[in-house]
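Values in this text are rule-based calculations from the coordinates and carry no lab data. Model, not experiment: these values are computed from the prediction. Every residue, glycine among them, receives a Cβ derived from its backbone with ideal geometry; neighbour counts consider all protein chains shown.
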Amino acid sequence: MRVLVTGGAGFIGSALVRHLVLDKGYEVLNVDALTYAGYLPSLRDVEGKANYRFLEANICDRDAMERAFAEFRPQRVMHLAAESHVDRSITGAADFVQTNVIGTFTLLEVARAFWAALDDEDKAAFRFLHVSTDEVYGSLGDDGLFTEETPYDPSSPYSASKASSDHLAKAWHRTYGFPVVVSNCSNNYGPYHFPEKLIPLTILNALAGEKLPVYGKGENVRDWLYVEDHARALDLIAEKGRTGETYNVGGRNERKNIDVVRRICEVLDRLAPSNRPREELIEFVTDRPGHDARYAIDASKLEDELGWRARENFDTGIEKTVQWYLDNEWWWQPLRERYAGQRLGLLKSAN
Ligand code: NAD
């Protein structure tokens, strides 16, 4: 199986590449532009493997994408490359429209032309998995869950650009019969998570004895999924998902942001004791504009139809994650140094 992965140097992409190369033994071509979020040390475990190749290229570059498809001849595409950080989208939406909308459009066009020229058997087996977020559905009240039928209602430039790309992907199926499957996932966490996001930022600030910024009163609810569970779900959806369909992915682990931060403090105090409880470092900061109140995913279609189950619940997953950051300073220290000046500015977000 030859799989072309875009965005494989990012957080979820690198977990997926490790899963496909090491656990599944697939041949993988990782296409990534290495923006600020692309970090090759996350791929240390697959580097040098005979079934892994890396191509530094931008998905908006049509010629480069055409060459990649012609040379690698993928049987599957798993498209994760994106600008992914909500706060960055508020201060600079242009990159989000460029990569998430124009980049996805370019990739769809190149992939469709490649697919159209395949023989019937290869054409029938080909899949394009478009990886997206539950943020396209907007915000929930106190009850209810996002299902695949929930109407799109994005709040931020990030989620609006992802919603646009989802619509393009689905239209390419309806209009051209191109074999697209879409997945919409809740917030991920786990090893190799870029230190600007809530969970790694909290772990690393707490370790350094720095303030732990929390938006508003920390009441916003997110549904957390361990990244390796997401990687397995993506592989399953690409393999067995029905074309033209959407599959929601979520861990049934809803938590208020403040409870996530408190839990990390408790785990750290136990695994790496300090003089004072880390909870004292919590600092409430002005809320993000357009901050969605609650996201929660109904993943029963994926569970019932494809037999997927999350292996980690939030308590086991967060323990593993904190331990990973304690054991892997080599990975995060250079990133902390690179972004030191911004730590309490831009980098104070809840995903
Ligand atoms: P990330 O920001 O960690 O990684 C994105 C990767 O894409 C980086 O390696 C970056 O270099 C690459 N990239 C960006 N622009 C590119 C371009 N123009 N051409 C080629 N490569 C480019 O993101 P992530 O958190 O791993 O998210 C991956 C995907 O999953 C995204 O599509 C995101 O919308 C989606 N998603 C993320 C979450 C989450 O909680 N992180 C949840 C649901 C869905």
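In the chain, Cα pairs under 8 Å separated by at least six residues give a relative contact order of 18 percent. Considered as an equivalent ellipsoid built on the Cα gyration tensor, the range 124-244 has semi-axes of 31, 18, 12 Å, the largest given first. In this Cβ point-charge picture (+1 for Lys and Arg, -1 for Asp and Glu), the range 205-351 has a dipole of about 360 debye about its Cα centre. Spread over its residues, the convex hull of the C-alpha atoms of the range 65-206 is 142 Å³ per residue. Spacing of the modelled spin labels on E56 and A70, each 7 Å from Cα toward Cβ, amounts to 2.3 nm. Along the Cα-to-Cβ line of T243, 7 Å from the Cα, sits a label point; which residues in the range 39-73 have backbone N less than 20 Å from it? Inside the label zone: 69-70, 73. Beta bridges per DSSP, both residues in the chain: antiparallel share near 10 percent.
Given a cut-off of under 8 Å on Cα pairs at least six residues apart, what relative contact order in percent is computed for the range 27-91? Averaging sequence separation for qualifying contacts and normalising by length gives 34 percent for the range 27-91. Residue by residue, the range 192-207 carries 3J(HN,Hα) couplings of 6, 8, 4, x, 8, 8, 3, 5, x, 4, 5, 4, 6, 5, 5, 4 Hz when phi is fed to the Karplus relation 6.51 cos²θ - 1.76 cosθ + 1.60 (θ = phi - 60°); x denotes Gly or Pro. Start at zero, step by 10 Å, and the Cα-Cα distances of the range 213-351 spread as 10, 30, 36, 19, 4, 0 percent across the bins. The alpha-carbon atoms of the range 36-101 define a convex hull whose volume equals 113 cubic angstrom per residue. Shape class for the range 30-71: oblate, because the ratio a/c of the largest to smallest gyration tensor axis (alpha-carbon atoms, square roots of eigenvalues) is 1.5 or more and b/c is at least a/b. Using θ = phi - 60° in the Karplus curve 6.51 cos²θ - 1.76 cosθ + 1.60, the 3J(HN,Hα) couplings for the range 82-96 round to 6, 7, 10, 9, 3, 4, 5, 5, 6, 8, x, 6, 4, 4, 6 Hz; x is entered for Gly and Pro. Taking each residue as 0.36 nm, the span from L306 to R44 lengthens on full extension beyond its C-alpha to C-alpha distance by 91.2 nm. Taking amide H as placed 1.01 Å from N in the peptide plane, the amide H of D153 sits under 5 Å from that of Y137, G138, each at least 5 places away or on another chain. Amide H contacts of V285: V214, Y215, G216, each under 5 Å away and 5 or more positions distant or on a separate chain (H built 1.01 Å from N in the peptide plane; Pro and chain starts excluded). Couplings for the range 64-70, taken from phi via the Karplus curve 6.51 cos²θ - 1.76 cosθ + 1.60 with θ = phi - 60°, read 5, 5, 4, 5, 4, 5, 5 Hz in order; Gly and Pro are left as x. The alpha-carbon of K240 sits under 23 angstrom from the alpha-carbons of these lysines, leaving out residues fewer than 8 places away in its chain: K24, K123, K170, K301. Amide H contacts for Y192 (H built 1.01 Å from N in the peptide plane; partners 5 or more residues away or on another chain; cut-off under 5 Å): none found. Modelled spin labels at E121 and D153, positioned 7 Å past Cα toward Cβ, are 4.9 nm from each other. Rounded to the nearest 500, the helix-only mean residue ellipticity at 222 nm of the chain stands at -11500 deg cm²/dmol, with each DSSP H run of n ≥ 4 adding -39,500 (n - 2.57).
Out of every Cα-Cα pair that the range 1-72 contains, those further apart than 17 angstrom amount to 36 percent. From the Cα gyration tensor of the chain, with a ≥ b ≥ c the square roots of its eigenvalues, which class applies: rounded if a/c is under 1.5, or else prolate if a/b is larger than b/c, or else oblate? Note, shape of the chain comes out prolate. Kindly identify the range 22-137 as rounded, prolate or oblate by the Cα gyration tensor criterion: order the square roots of the eigenvalues as a ≥ b ≥ c, call it rounded if a/c is under 1.5, otherwise compare a/b with b/c, prolate if a/b is larger, else oblate. Judged from the Cα gyration tensor, the range 22-137 comes out oblate (a/c at least 1.5, b/c at or above a/b).
Only Cα sites of the range 84-124 enter the Debye sum here, all with the same form factor; the resulting log10 I(q)/I(0) across q = 0.25, 0.28, 0.30, 0.34 1/Å is -0.78, -0.87, -0.92, -1.01, listed in q order. Our estimate of slack between L271 and K217, defined as 0.36 nm per intervening residue step minus the Cα-Cα distance, is 16.8 nm. The length gained on full extension between A293 and K24, counted as 0.36 nm times the residue separation minus their Cα-Cα distance, comes to 93.1 nm.
Across the range 144-192, the fraction of Cα-Cα pairs farther apart than 13 Å, rounded to a whole number, is 67%.
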